[in-house]
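**Student:** Would you mind keeping the following structure in view while I ask a few things?
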């Protein structure tokens, strides 16, 4: 196991404070999670930001941004069902948008997310927070906030399991593991 | 799913996947930028051997919202009127690199023919064939019903089906591909369907369809209906005496002002009135019914674009497409055709 439940929680607490620090407070903050696992991470981060700054309503700053229709690998990968895109009621114009995903790998998902954001509005700043940065970038993209830098081989798979998305038979799991692919 | 040819063989999971995807596509239509880059560089051909306004425009809007290139082909004014066969037309389109063919044809089965042969290596979408099927119309009808049904139940529509919904389809069932596609799809989604028509406008073998049949519209309404779908009287296919006069038809089978008022007195306050269009106002549906708050006619048109976007997305994304047929490859590869054309022109 690379990260346990307590490790994930500590990393998210640190990222939440980093986000507040780099933004010099909570004004204009919008957290957009990328489905599937970026969204529950965004919800957890919003709760931690609200714990640090009681003026923040966590539900009002979180949204979900689906990037399926903007991917550049649709004709190579299998069919992907699109997920809903839900923005906070304030919209994203002139906001400080923090994109949140579980694993940063090639950078292509983030490239798609940047395209998706442009079609929805014009944020003042876009930042990126990820739980795991596993390297092997294929595009000039880097994260502003990283939970853990994880050197990997491209033959390995990094699995993030969260209780919001990966609970099977009522057993909650919160962990990050590396699996070797056959 | 490689082609979308009929709703009869559409599985429940695929049907719900199309409806759920359409739900996300509908959200795009409400945004400021109503365009997605998803099918950039893909070519969609609208191959229409029969007149159509809303279906062709709807498919064109859907393809354009997904950034595909659209080629419109109408049989009138094309080489088809010079006697070109479906095969030659299909191979010409294949040579031009069509990724999807949306076909409407006066002959039942033409889309199946196109999909089953090696004439063209593209996804085929049936946009209405003869008196057989019109799957995207049935899907947009089901989408409209599902939104209504979920709103009544107060549950999200994603993933839901139409269990327990009572749907009546009234009118010219004999000539209606919309009725056929709807009967199969609504059965798959768990709705109870009743066809209402004069006996002359019901096809042979309708007793074997997965629905009940009634000859009396008022009786059907009295038993309770959640969605009332009126079919167009297809004047262009009426080559025999199916009913005595249009006045008698509208009195007995049309949704007129009396029946609109009857919905209120029967306590059916949530019943919607649907029509696939184009409407013959005053014949199968009165203007008051078509323009009433119960009418979903315009919602159906709007949902049509979302459903067609979903169908194009599901058929054209993903690497599920089979390679071009070996025997056909020498004829249908773009390179082969281009060189043949060049040689021909240079002579």
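The values are calculated or read from the model by the stated rules, or taken from the named source; none is laboratory data. The structure presented is a predicted model; accordingly, all values stated were derived computationally and were not measured. Cβ sites come from the backbone with ideal geometry, for glycine too, and all protein chains shown count toward neighbours.
**Student:** Any chance you could count how many residues in the range B:56-80 are at pLDDT below 90 and under 20 Å from residue B:109 (Cα atoms)? Don't jump to the end; show me each part of the working.
**Tutor:** Kept after step one, since they are at pLDDT below 90, are these residues of the range B:56-80: B:73-80.
Checking which are under 20 Å from residue B:109 (Cα atoms) leaves us with B:73-75, B:80.
Of the residues in that region, 4 qualify.
**Student:** When you look at residue B:190, is it under 25 Å from residue B:18 (Cα atoms), in contact with a strand residue (DSSP E or B) (Cβ under 9 Å, 6 or more places away or on another chain) and not assigned by TED's automatic domain parsing to the domain that holds residue B:128, yes or no? Steps first, answer last, please.
**Tutor:** Numbers: under 25 Å from residue B:18 (Cα atoms): yes; in contact with a strand residue (DSSP E or B) (Cβ under 9 Å, 6 or more places away or on another chain): no; not assigned by TED's automatic domain parsing to the domain that holds residue B:128: yes.
Taking the combined requirement at face value, the residue does not satisfy it.
**Student:** Hey, any hits in the range A:80-91 for a residue that's within 14 Å of another protein chain (Cβ to nearest Cβ), more than 24 Å from residue A:177 (Cβ to Cβ), buried (at least 22 other Cβ atoms within 10 Å of the Cβ) and out of contact with any helix residue (DSSP H, G or I) (no Cβ under 6 Å at 6 or more places or on another chain)?
**Tutor:** The answer is no; no qualifying residue exists.
**Student:** Modelled with pLDDT under 95, more than 30 Å from residue B:156 (Cβ to Cβ) and exposed (fewer than 14 other Cβ atoms within 10 Å of the Cβ): which single residue out of B:53, B:92 fits that description? Spell out the reasoning first.
**Tutor:** On the way: B:92 fails: exposed (fewer than 14 other Cβ atoms within 10 Å of the Cβ).
Within the list B:53, B:92, the selection yields B:53.
**Student:** If you don't mind, another one. Looking at this structure, is residue A:107 in contact (Cβ under 8 Å) with a residue 12 or more places away in the chain, away from chain B (no Cβ under 14 Å), surrounded by 15 or more Cβ atoms within 10 Å (Cβ to Cβ) and within 15 Å of the chain's Cα centre (by Cα)?
**Tutor:** yes
**Student:** Separate question: Take the residues of the range B:25-45 that are over 25 Å from residue A:93 (Cα atoms) and in contact with a helix residue (DSSP H, G or I) (Cβ under 8 Å, 6 or more places away or on another chain): which is farthest from the other protein chains (Cβ to nearest Cβ)?
**Tutor:** Applying the filter and picking the extreme gives B:45.
**Student:** A further question follows. Looking at (1) over 15 Å from the mean Cα position of the chain (by Cα); (2) closer than 30 Å to residue B:19 by Cα, which is the only condition residue A:136 fails?
**Tutor:** It is condition (2) that residue A:136 fails.
**Student:** Could you please let me know if residue B:22 is modelled with pLDDT of 95 or more, within 30 Å of residue B:161 (Cβ to Cβ) and within 14 Å of chain A (Cβ to nearest Cβ)?
**Tutor:** Numbers: modelled with pLDDT of 95 or more: yes; within 30 Å of residue B:161 (Cβ to Cβ): yes; within 14 Å of chain A (Cβ to nearest Cβ): yes.
For residue B:22, the condition - modelled with pLDDT of 95 or more, within 30 Å of residue B:161 (Cβ to Cβ) and within 14 Å of chain A (Cβ to nearest Cβ) - is met.
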